Structure formats: structure tokens, C-alpha cells
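All remarks here apply to the structure that follows.
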């Protein structure tokens, strides 16, 4: 991770950490870089945004930078992150930009950059952007005369993405009562249209964005509202998205949460039965629940574990040709259809399994025993020193031996804070608490804890 760009773009509080000047300079660099990379072609870059108040401000700043460098900016307006990825790769754009801070509160915002293949931007280019932001490289020339770029209204691109999603469904959703929580975000502009077109009886909540209510007590980070709504309205299933709709969590008819781990199991088992699970493997992160791995072992499905972040999941999938991967948080990637996590696409895939198997979601999810998990964040003087301490590692080894095949312990350094995360999964909550505290006590005795 760089100084400005993390695993999912340049993110921070609008006009505090991420300013209009930053956005303008990112636009200047991208317009120049992709113009230089594609000589003889007019550089075409597509932009989408979520519903935050500050998204308009950043959109105009990016457009100013892009057009000043000679690129044409195509505006999708309010749309989802995966739709930008789809439009880039299907319409031959040189680059895509999504203005969103995903699941963060409304006052944050972010800039996600997508390369010409519809994938998250490669680190080598991010390093060059950061050097330019810090004034470490020369000035970029302004375009002049007829080389100056223009803006193009490209709402049609979003409509084509909606059509693409509809084309993926294998069956009609007629007689299905489906609840959608759009988080007052990007899904508000797309999700209902897709489910209505497929014949569902669609119930929608939190789809009245006002610029200040995105993710506020709703969506995939606040699933309780949807859980209650599904039960009260007698829905068959519910789906909750985050601010830019690249995540999806589900709720069964009884109001129980079906998270990303369960979704991967349900879809992976179905795909294996269809002969569609390439390499017979699913790509997870190290934070997936121990119960998922036990269930996959039982079904004879292999798996790989990556660092936390759907970017790393996709890298593994791309390198090895795997077709299904994701995170517990609901970033699920179906690489046959998308190059990023796509919440609405994930919903359609879960609906496909339900309809083709004629089984309700609660029955499909019941095959996985999710293990209790306790995770504590420990603020330390130096996270690497604390994690690598011989006595701390000895205690971790002791816990690992005690858990055997009935659980696991994981220590992970935060990517942004002076924090070591201690996580234990075991058959009961009390065991988790005991082992987490044992490791933290050693850190305290060795003087690592602040």
C-alpha cells in the first residue's frame, strides 16, 4: 500500500484527507498517462460515482484534470463500482474511475481506478500517481486547441450493464418475494430494475439517497434492518449492499444472516455439481471462518487463502484461472462474469442456486457450521515487533496445539493502524475468549501494548 492509495483506492474524509486538488491531479495524471500509452487514439476514460454529497465535487475535479490533459471523460453518473468495470472492458475504454468510499460514512469519499481490462489498477501505475501527487515528477503538459478533452453523457453505459445483469439469470424470479437494502447508495439506481425485469416481487428499503444518508444504519454494514424487514414482510430472501454495491450479504426467510463465507459455500458446491468450478477450488482470505473450511473439506472442494482484500483474491484467481472467490464481508467474485466483487451479480447467483435446487436459503446455508469467533484489536508500540516476539509466537503455537482440528488462531497486523489483531475460532465463545486473552497477556507482559 502506498502513501495515498490503499488496497481499494485513495480514500479519506472529503476535503480533509482527500481534496479536490488531489482529484484534479489524479485526473491530470490519468489523462496524460493513458493518452501517452495509446498514441494515435483519443484517450477515453469513464467515470461513475456513488450518492455522497462530495461525489459531485470530485467528479468535476477529475473531469477538469482529465480534459486538461487531453482525455474525453464519459459520465455514467450514479452507478456501481462493478458497472464501471463492466463498461471499461466491454466498451473499450482506456481506464475507469469510480468515486466512492464503499461502506464508509457519507463524509468520507474515495477514488478507485480501474485499468483497461476492468481490473483494479496495478501497483506500478499507483506508484507513479503518488509521485506526481507529491511533486516528485515533472509537470504534465496541458492539452491545447483541438487536443483539449470533452465530457460525454454516458448514462447509456449504465443501462447496458443492467441489461447484462438481466441476461445472466437462468430462470424467472416470478413468485419470489425479494427484499433489497440499497444502503441509500449506488444500488438505488440499478438493483430494483434488475429484479423487477426478472419478475420478482421486489421490496426495497433504503433507496432514497440524499447525499448524507449512504450506509447510515443500513446496507451490508447494518444488516439488522433488513433482517427485521424480511421476517415482517414474509419475504423469501433479502440482499443488502454497501455504498458502491460491490458487496452483498444475504438474509434467509427466518431473518438469519448469510455472509460471504456461506455464499461462497452455497455457490461453490452448486458450481462443482454443475462441473463449473474451475480447478475445484475457491479462493478465500485468511479471515474466512474455520467452519467454511471444514464444510469445503467435507464436500471435497479445495481452497486457497490470500491476504485480506478482494484485490488479492482476484489476483490469485487471475493467476490460477479460478472462477470463484471472495471475502466474509460479501465481496464475491465470479470471474466468468466480472473482474471485481459485484453485489447485484452475487444476488443473482444465489437466486440461481435456490431456484435450480428448489431449496430455500436457510436449508442451503445450514450445511455449514459457523464457528464462534472472537477478534480483539491490540494497540501496540510496534506491530511487527509485537507479532514476531518469540514468546508471543510460542503462546500462539501452544494455542494452536490445544485447538487441534477444532479451531484456529490468527495474528494479523493492521494495514493502517499500530494494531495487532488477535482472532480465535473455536467450538464455543468461552474458549475463544480464553485463548485470545492468553496471547494478549503475553504481549502485555513483554511491554508491547500501549
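The values are calculated or read from the model by the stated rules, or taken from the named source; none is laboratory data. Nothing here was measured: the structure is a model prediction, and the numbers come from that model. Neighbour counts run over all protein chains shown; Cβ positions are idealised from the backbone, glycine included.
Does segment 51-90 hold any residues that are in a loop (DSSP other than H, G, I, E, B), buried (at least 24 other Cβ atoms within 10 Å of the Cβ) and either in the same structural domain as residue 186 (by TED's automatic domain parsing) or in contact with a helix residue (DSSP H, G or I) (Cβ under 7 Å, 6 or more places away or on another chain) (or both), and which are they?
Applying the first criterion (in a loop (DSSP other than H, G, I, E, B)) to segment 51-90 yields 51-52, 69-71, 79-80.
Applying the additional criterion that residues be buried (at least 24 other Cβ atoms within 10 Å of the Cβ) yields 51-52, 69, 71, 79-80.
Residues satisfying the conditions are 51, 69, 71, 79, 80.
Confirm whether residue 149 is modelled with pLDDT of 95 or more, in the same structural domain as residue 244 (by TED's automatic domain parsing) and not in a helix (DSSP H, G or I). Steps first, please.
On the way: modelled with pLDDT of 95 or more: yes; in the same structural domain as residue 244 (by TED's automatic domain parsing): no; not in a helix (DSSP H, G or I): yes.
When the stated conditions are applied, residue 149 does not pass them.
Identify all residues within segment 306-322 that are more than 15 Å from residue 287 (Cβ to Cβ) and either in contact with a strand residue (DSSP E or B) (Cβ under 7 Å, 6 or more places away or on another chain) or not assigned by TED's automatic domain parsing to the domain that holds residue 293 (or both); write none if there are none.
Here is the first cut: in segment 306-322, the residues more than 15 Å from residue 287 (Cβ to Cβ) are 314-315, 317-322.
Listed by number, the residues that qualify are 314, 317, 322.
Checking the structure you have, find out if any residue of segment 342-359 is in the same structural domain as residue 291 (by TED's automatic domain parsing), surrounded by fewer than 21 Cβ atoms within 10 Å (Cβ to Cβ), over 30 Å from residue 103 (Cα atoms) and touching a residue at least 24 places away in the same chain (Cβ under 8 Å).
Looking for residues that are in the same structural domain as residue 291 (by TED's automatic domain parsing), surrounded by fewer than 21 Cβ atoms within 10 Å (Cβ to Cβ), over 30 Å from residue 103 (Cα atoms) and touching a residue at least 24 places away in the same chain (Cβ under 8 Å), one finds at least one in segment 342-359, hence yes.
Please indicate, with yes or no, whether at least one residue in segment 167-179 is buried (at least 22 other Cβ atoms within 10 Å of the Cβ), closer than 17 Å to residue 330 by Cβ and touching a helix residue (DSSP H, G or I) at 6+ places or on another chain (Cβ under 6 Å). Steps first, please.
Within segment 167-179, the subset buried (at least 22 other Cβ atoms within 10 Å of the Cβ) is 173, 178-179.
Filter again for closer than 17 Å to residue 330 by Cβ, leaving 178-179.
Next, from what is left, pick out any that are touching a helix residue (DSSP H, G or I) at 6+ places or on another chain (Cβ under 6 Å): 178-179.
Within segment 167-179, one or more residues are buried (at least 22 other Cβ atoms within 10 Å of the Cβ), closer than 17 Å to residue 330 by Cβ and touching a helix residue (DSSP H, G or I) at 6+ places or on another chain (Cβ under 6 Å).
Confirm whether residue 143 is assigned by TED's automatic domain parsing to the domain that holds residue 27, in a loop (DSSP other than H, G, I, E, B) and more than 16 Å from residue 351 (Cβ to Cβ).
Details: assigned by TED's automatic domain parsing to the domain that holds residue 27: yes; in a loop (DSSP other than H, G, I, E, B): yes; more than 16 Å from residue 351 (Cβ to Cβ): yes.
Yes, satisfied.
For segment 122-146, which residues satisfy the criterion of being within 16 Å of residue 37 (Cβ to Cβ) and in contact (Cβ under 8 Å) with a residue 60 or more places away in the chain?
Result: 125, 126, 127, 128, 129, 132, 140, 141, 143.
Given the conditions (1) surrounded by 20 or more Cβ atoms within 10 Å (Cβ to Cβ); (2) closer than 26 Å to residue 349 by Cα; (3) modelled with pLDDT of 95 or more, and given that residue 103 satisfies all but one, which numbered condition is not satisfied?
Looking at each condition in turn, residue 103 falls short on (3).
Condition check: assigned to a helix (DSSP H, G or I), in contact (Cβ under 8 Å) with a residue 40 or more places away in the chain and either more than 30 Å from residue 179 (Cβ to Cβ) or not assigned by TED's automatic domain parsing to the domain that holds residue 326 (or both). Does residue 423 satisfy that? Talk me through it step by step, then tell me what you get.
Details: assigned to a helix (DSSP H, G or I): no; in contact (Cβ under 8 Å) with a residue 40 or more places away in the chain: yes; either more than 30 Å from residue 179 (Cβ to Cβ) or not assigned by TED's automatic domain parsing to the domain that holds residue 326 (or both): yes.
No; evaluated as a whole, the condition is false for this residue.
Checking the conditions here, which among 156, 187 is out of contact with any helix residue (DSSP H, G or I) (no Cβ under 9 Å at 6 or more places or on another chain), modelled with pLDDT of 95 or more and part of a helix (DSSP H, G or I)?
Residue meeting the stated conditions: 156.
Out of 297, 244, 236, which single residue is crowded, with 21+ Cβ neighbours inside 10 Å and modelled with pLDDT of 95 or more?
Values: 297 fails: crowded, with 21+ Cβ neighbours inside 10 Å; 236 fails: crowded, with 21+ Cβ neighbours inside 10 Å.
It is 244.
Within segment 1-10, which residues are buried (at least 19 other Cβ atoms within 10 Å of the Cβ) and either more than 18 Å from residue 119 (Cα to Cα) or without any contact (Cβ under 8 Å) to a residue 60 or more places away in the chain (or both)?
Of segment 1-10, the ones buried (at least 19 other Cβ atoms within 10 Å of the Cβ) are 4-5, 8-10.
Answer for segment 1-10, where residues must be buried (at least 19 other Cβ atoms within 10 Å of the Cβ) and either more than 18 Å from residue 119 (Cα to Cα) or without any contact (Cβ under 8 Å) to a residue 60 or more places away in the chain (or both): just 4.
Given the conditions (1) buried (at least 19 other Cβ atoms within 10 Å of the Cβ); (2) under 30 Å from residue 254 (Cα atoms); (3) at pLDDT 95 or above, report the number of the one that residue 366 does not fulfil.
Residue 366 satisfies all of (1) buried (at least 19 other Cβ atoms within 10 Å of the Cβ); (2) under 30 Å from residue 254 (Cα atoms); (3) at pLDDT 95 or above except (1).
Determine which single condition residue 317 fails, assuming it passes every other condition in (1) part of a helix (DSSP H, G or I); (2) crowded, with 23+ Cβ neighbours inside 10 Å; (3) on the phi > 0 side of the Ramachandran plot.
Among (1) part of a helix (DSSP H, G or I); (2) crowded, with 23+ Cβ neighbours inside 10 Å; (3) on the phi > 0 side of the Ramachandran plot, the lone unmet condition for residue 317 is (3).
Within the group 424, 449, which residue is within 30 Å of residue 8 (Cα to Cα), surrounded by 15 or more Cβ atoms within 10 Å (Cβ to Cβ) and within 31 Å of the chain's Cα centre (by Cα)? Working first, answer last.
Working: 449 fails: within 31 Å of the chain's Cα centre (by Cα).
Criteria check complete, one pass: 424.
Please tell me if residue 206 is crowded, with 24+ Cβ neighbours inside 10 Å and either over 20 Å from residue 263 (Cβ atoms) or without any contact (Cβ under 8 Å) to a residue 40 or more places away in the chain (or both).
Judged against the criteria, residue 206 is a match.
Scan segment 401-412 for residues that are in a helix (DSSP H, G or I) and either surrounded by 15 or more Cβ atoms within 10 Å (Cβ to Cβ) or in contact (Cβ under 8 Å) with a residue 12 or more places away in the chain (or both) and jot them down. It would help to see each step written out before you state the result.
First, the residues of segment 401-412 that are in a helix (DSSP H, G or I): 401-406.
If the condition is that a residue be in a helix (DSSP H, G or I) and either surrounded by 15 or more Cβ atoms within 10 Å (Cβ to Cβ) or in contact (Cβ under 8 Å) with a residue 12 or more places away in the chain (or both), then 402, 403, 406 are the ones that fit.
Among the residues of segment 363-375, are any outside any helix (DSSP H, G or I) and over 26 Å from the mean Cα position of the chain (by Cα)? I'd like the intermediate steps shown before the answer.
First, pick out the residues of segment 363-375 that are outside any helix (DSSP H, G or I): 366-375.
Those left that are additionally over 26 Å from the mean Cα position of the chain (by Cα): none.
No: segment 363-375 contains no residue that is outside any helix (DSSP H, G or I) and over 26 Å from the mean Cα position of the chain (by Cα).
On the basis of being closer than 28 Å to residue 410 by Cβ, surrounded by 21 or more Cβ atoms within 10 Å (Cβ to Cβ) and not assigned by TED's automatic domain parsing to the domain that holds residue 421, does residue 277 make the cut? Spell out how you get there, then give the answer.
Details: closer than 28 Å to residue 410 by Cβ: yes; surrounded by 21 or more Cβ atoms within 10 Å (Cβ to Cβ): no; not assigned by TED's automatic domain parsing to the domain that holds residue 421: yes.
No; evaluated as a whole, the condition is false for this residue.
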